[in-house]
Structure formats: structure tokens, C-alpha cells
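Single-structure report; data block below.
The values are calculated or read from the model by the stated rules, or taken from the named source; none is laboratory data. Computed from a predicted model, the values in this text were never measured in an experiment. Quick reminder, even Gly has a Cβ in these numbers, built from the backbone with ideal geometry, and neighbours come from all protein chains shown. Quick note on the areas: whole protein, heavy atoms, side chains included, nothing else; ligands and nucleic acids left out. Shrake-Rupley method; radii C 1.70, N 1.55, O 1.52, S 1.80 Å.
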Amino acid sequence: MEKAITSRDIEMLKGIKTPAYVVDERLLKKNLELLKSVQDRTGAKILLALKGFSMYHEFPLVGEYLAGITSSSLNEAMLGRKHMNKEVHIYAPAYRPDEIDEIGIICDHIVFNSSHQIKMFKDRVKTANPSIEIGLRVNPEYSEVATEIYNPCASNSRLGAKLDTIEEEDFEVLDGIHFHTMCEQNSDTLERTLVEVEKRFGHVMHKMKWINFGGGHHVTREDYDVDLLIGLIERIRDTYDVQVYLEPGEAIALNTGYLVTEVLDLVKNNMDLCIVDTSAACHMPDVIEMPYRPHIIGSGKPGEFEHTYRLGGLTCLAGDIIGDYSFKEPLKVGDKLIFTDMAHYTMVKNNTFNGVNLPSIAVMDDEGIEVVKTFGFEDYESRL
Ligand SMILES: *Cc1c(COP(=O)(O)O)cnc(C)c1O
């Protein structure tokens with residue numbers, strides 16, 4: 001992502017009031033064009049998974065390229081209906097009886113997680129919306145996800161029904177089968193996963209209208225094998241005569257956004273420490289949860305350049321540490337630091353722990369930067 005940015009863009013980013021997420025619409029369009037080419041070449045439909053990227057300012061743009069959205073809650077479904085109004089899908093590990101009728105009205109597809117939930121709610125959603133299509137998320141008992149908290153096929157996982165928990169009569173109700181077992185992976189993982197899905201569920205896939213491959217497809221990453229994906233979609237489409245859906249979140253917003261921050265203080269405790277006006281805990285929780293080390297433009301690994309700092313956030317959490325970075329020049333109070341790849345799984349996970357303010361949200365293109373959202377005390381207060 002650092003390669004894609006010009007010095008003019010960097011100057012523009014440094015001029016914005018911090019902290020701020022800035023999404024570069026030129027880069028977002030590039031991702032969307034690639035995803036649309038997959039749709040055009042295969043007839044597959046691609047949905048934006050709102051879980052990863054819910055910045056609805058961009059929904060009209062996303063809707064120009066993709067088939068719609070998928071949601072994991074009534075709120076997400078409502079956001080997608082309101083701001084994009086194309087196909088709206090939903091999957092949740094369990095639905096609430098007091099929300100199921102409204103979900104039925106809003107959604108085009110509903111994917112259940114168990115036989116039990118199908119029996120409880122299929123009639124209610126069909127009454128609310130006679131044209132709704134019903135799916136079941138299955139657990140193909142195969143995944144290649146090493147991080148346990150991101151592995152839907154971990155032992156004792158609640159996500160997706162195993163074949164031996166599904167009754168024959170449940171398959172009769174279904175329009176489609178859904179699986180989601182991948183995370184930031186290439187199409188070779190999908191190839192091996194599909195073999196396992198077919199081994200267990202091939203006998204019912206012929207009866208379905210659609211198969212949903214879930215998310216976790218890192219389609220817009222530089223080394224992603226798009227041609228293999230195309231071949232796999234075509235094979236499933238033709239073998240079972242089904243509509244194929246993909247619902248990536250991360251791939252849509254991958255490498256399209258920045259988090260611009262400012263150095264507030266520099267202190268010492270054995271090593272040089274730097275406190276910035278953001279927080280791993282509040283503004284990039286995956287740094288702690290995943291965990292990963294976000295890149296900062298112009299920085300290196302610890303020791304790579306002359307001046308190494310441990311960057312920490314504004315909260316009182318001892319573990320609110322972003323990581324260790326080195327710079328060619330010593331940092332000064334007031335310096336702006338630009339984190340890359342901050343569009344997905346950031347805004348959607350934000351919180352106001354310690355009362356730390358939410359970063360504003362901005363967009364950037366050839367014309368310049370426009371701030372589309374700012375936050376303050378009311379946003380903090382309204383949640384408590
Ligand atoms: C998280 C999730 C997605 C999106 O996953 P990405 O890794 O962001 O592509 C899609 N479908 C389901 C059911 C999910 O839980």
C-alpha cells in the first residue's frame with residue numbers, strides 16, 4: 001500500500017485533524033473492479049460482508065459493482081437495506097424471536113445455523129416475506145485457519161451444522177447451502193475446502209438453487225490466484241447447476257485506508273516510548289486480538305533504522321501497545337504517523353473505552369480529502 005501512495009497524498013493526509021480514518025476511493029474502486037470482473041467472468045454474485053467494512057458513505061459506490069451485502073444482525077441488515085438497497089443476506093449463529101419477523105421483511109436470503117432454528121423460524125420468515133430464500137450454514141469439518149479464535153471448524157465450534165445434526169426434512173426446506181471456513185486465504189485453500197464440502201454435502205447440492213462460499217477469500221491481495229477461483233466457481237456452478245455466492249468483507253476494503261495519528265508525547269523506560277493520539281484497544285483492536293503489526297509509512301522493523309520506539313495508545317490499559325517501529329529521524333511531538341490498511345475491521349470494531357474519542361472518517365481521491373463524519377462527547381454519552 002505504501003507503493004500506491006504519492007508524496008502529495010502523504011502531505012494531504014498529514015494535514016487532516018487526527019485521529020482520522022481516510023479511505024482512498026481510487027484504491028477501493030480498484031478492488032471493486034477486480035471483484036466485478038470475477039462476477040462478470042463467472043456469473044457468481046459477490047456480497048460485501050458488513051462485519052468487516054460498514055462505512056456506509058461508500059455503499060452507493062460498492063453497489064455500482066457488487067450484488068449487495070451480507071449481514072450478521074438486524075442492525076447490519078437495516079444498514080445495507082437503507083444505504084445500498086440491493087440484495088440483503090443475513091446469517092447469525094442464532095436469531096432472536098423478537099427480531100425474526102423484521103429480518104424476514106428486510107432480507108432476500110436468510111441463512112440459519114441449525115436444524116432447530118430452521119424449524120423454529122422458517123414459517124415466520126416465509127409469512128413475513130414469501131419470496132425469502134432459506135439457507136443453512138454447514139460445518140464441512142475442514143479448515144486451514146491456524147488462529148483458534150478465527151477458526152469456525154475448531155473442535156466444539158458452534159458455527160455451522162455438522163452433517164450428522166441435520167435431518168433429511170431440513171434439506172427439503174432449503175434453497176441453498178452456506179459454508180464459511182476461511183480467513184485471509186488464497187484460492188488453493190478454497191479448492192481443498194470444496195472437496196470436503198462436496199464429500200459431505202454433494203448429495204444435496206444438486207437440489208439447491210445456490211451455494212454460498214462465505215468470506216475469507218483474499219481476492220484483492222497481490223498474490224491471489226484469481227484464475228483458480230474462477231475455475232472453482234465454474235466447476236461448482238456447472239456440476240450442481242447452482243448460483244454461486246461469495247461474501248468477502250476484508251477483500252473489498254483491503255489496503256484502501258489509512259489511520260492518521262499524531263505523536264503526543266515521548267517518554268523513556270529502558271527504551272524510547274511514544275504515545276500517539278489513537279489506541280490499539282479502541283481503534284485497531286485486531287492488533288491485540290489477531291494479533292498483527294500494522295505498517296506505518298516510512299517506518300521499519302525495530303532496529304532497521306536508527307531510532308526505535310514502542311508506540312502506545314491513549315488508554316490506561318497497560319497492553320494498549322501498537323508495536324515497536326524504527327524511523328530514520330527521531331520522532332517529535334506533533335509528528336503525524338500514517339498507519340496503512342486501516343479500512344477493514346477497524347471502524348466496525350471501534351469502542352470508546354476510557355472515553356477515548358472515535359477517529360473521524362474521511363475519504364480521499366484526486367480532488368483531495370473530505371471529512372464525512374466526526375465524533376464527540378454525545379457519541380460517547382449515548383452508548384452508556
Ligand atoms: C466474517 C464473515 C464473512 C467475511 O469474512 P472476511 O474474512 O472479512 O472476508 C463472511 N461471511 C461470514 C458468515 C462471516 O462470518
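Would you mind finding the one in K207, K199 that is under 28 Å from K126 (Cα atoms) and either basic (K, R) or within 16 Å of the ligand (Cβ to nearest atom) (or both)?
Values: K199 fails: under 28 Å from K126 (Cα atoms).
Only one candidate passes the filter, namely K207.
Scanning the range 321-336 for residues that are under 22 Å from K17 (Cα atoms) and either open to solvent by less than 10 Å² (accessible area, probe 1.4 Å) or not assigned by TED's automatic domain parsing to the domain that holds K14 (or both) yields one hit, I322.
In the range 355-370, what count of residues is obtained for those that are under 13 Å from T18 (Cβ atoms), within 22 Å of the chain's Cα centre (by Cα) and in a strand (DSSP E or B)? Quick ask: steps written out before the conclusion?
Here is the first cut: in the range 355-370, the ones under 13 Å from T18 (Cβ atoms) are 356-362, 369.
Next cut, within 22 Å of the chain's Cα centre (by Cα) only: 358-362.
After this cut, where a residue has to be in a strand (DSSP E or B) as well, the list is 360-362.
Going through the range 355-370 one residue at a time, the tally reaches 3.
Against the conditions (1) part of a helix (DSSP H, G or I); (2) more than 26 Å from K119 (Cα to Cα); (3) more than 16 Å from the ligand (Cβ to nearest atom), L229 satisfies every one except (3).
Name the residue, out of A128, A94, A49, that is over 22 Å from D241 (Cα atoms) and without any contact (Cβ under 8 Å) to a residue 24 or more places away in the chain.
Numbers: A128 fails: without any contact (Cβ under 8 Å) to a residue 24 or more places away in the chain; A49 fails: without any contact (Cβ under 8 Å) to a residue 24 or more places away in the chain.
Selected residue: A94, the only one of A128, A94, A49 that is over 22 Å from D241 (Cα atoms) and without any contact (Cβ under 8 Å) to a residue 24 or more places away in the chain.
Of the residues making up the range 123-143, at least one is more than 18 Å from N212 (Cβ to Cβ), at pLDDT 95 or above and basic (K, R).
Is it the case that some residue within the range 87-95 is of a type in the set (S, T, Y), within 11 Å of the ligand (Cβ to nearest atom) and open to solvent by 20 Å² or more (accessible area, probe 1.4 Å)? Break it down into steps so the answer makes sense when it comes.
Taking the range 87-95 first, the residues of a type in the set (S, T, Y) are 91, 95.
Subsequent filtering for residues that are within 11 Å of the ligand (Cβ to nearest atom) retains 91.
From what's left, open to solvent by 20 Å² or more (accessible area, probe 1.4 Å): 91.
Yes, some residue in the range 87-95 is of a type in the set (S, T, Y), within 11 Å of the ligand (Cβ to nearest atom) and open to solvent by 20 Å² or more (accessible area, probe 1.4 Å).
When you look at G202, is it without any contact (Cβ under 8 Å) to a residue 60 or more places away in the chain, in a helix (DSSP H, G or I) and farther than 14 Å from V138 by Cβ, yes or no? Judged against the criteria, G202 is not a match. Remark: H180 falls outside the filter, which requires a residue to be assigned to a helix (DSSP H, G or I) and either away from the ligand (no atom under 16 Å from the Cβ) or surrounded by 15 or more Cβ atoms within 10 Å (Cβ to Cβ) (or both). Of all residues in the range 229-270, those satisfying the criterion of being closer than 29 Å to L27 by Cα and either free of Cβ contacts under 8 Å to residues at least 24 places away in the same chain or among the small types (G, A, S) (or both) are G231, G249, A251, A253, G257. If you take the residues in the range 255-289 that are open to solvent by less than 10 Å² (accessible area, probe 1.4 Å) and within 15 Å of the ligand (Cβ to nearest atom), which one is farthest from L311 (Cα to Cα)? That would be T256. No other residue among D223, D238 is open to solvent by 50 Å² or more (accessible area, probe 1.4 Å), under 30 Å from I338 (Cα atoms) and assigned by TED's automatic domain parsing to the domain that holds V195 apart from D223. Scanning the range 357-384 for residues that are touching a Ser or Thr at 6+ places or on another chain (Cβ under 9 Å) and over 20 Å from M55 (Cα atoms) yields one hit, L384. Write out, first by first residue and then by second, each pair whose Cβ atoms fall under 9 Å of each other, whose residues are 6+ apart or on separate chains, and whose first residue, in the range 335-347, is within 16 Å of the ligand (Cβ to nearest atom) while the second is open to solvent by 40 Å² or more (accessible area, probe 1.4 Å) and modelled with pLDDT under 95. Pairs that qualify, where the first residue is within 16 Å of the ligand (Cβ to nearest atom) and the partner is open to solvent by 40 Å² or more (accessible area, probe 1.4 Å) and modelled with pLDDT under 95, are D341/M1.
Going by what's in this entry, would E99 be described as of a type outside the set (A, V, I, L, M, F, W, C), away from the ligand (no atom under 15 Å from the Cβ) and over 30 Å from R26 (Cα atoms)? Outline the logic, then answer.
Numbers: of a type outside the set (A, V, I, L, M, F, W, C): yes; away from the ligand (no atom under 15 Å from the Cβ): yes; over 30 Å from R26 (Cα atoms): yes.
Yes; evaluated as a whole, the condition is true for this residue.
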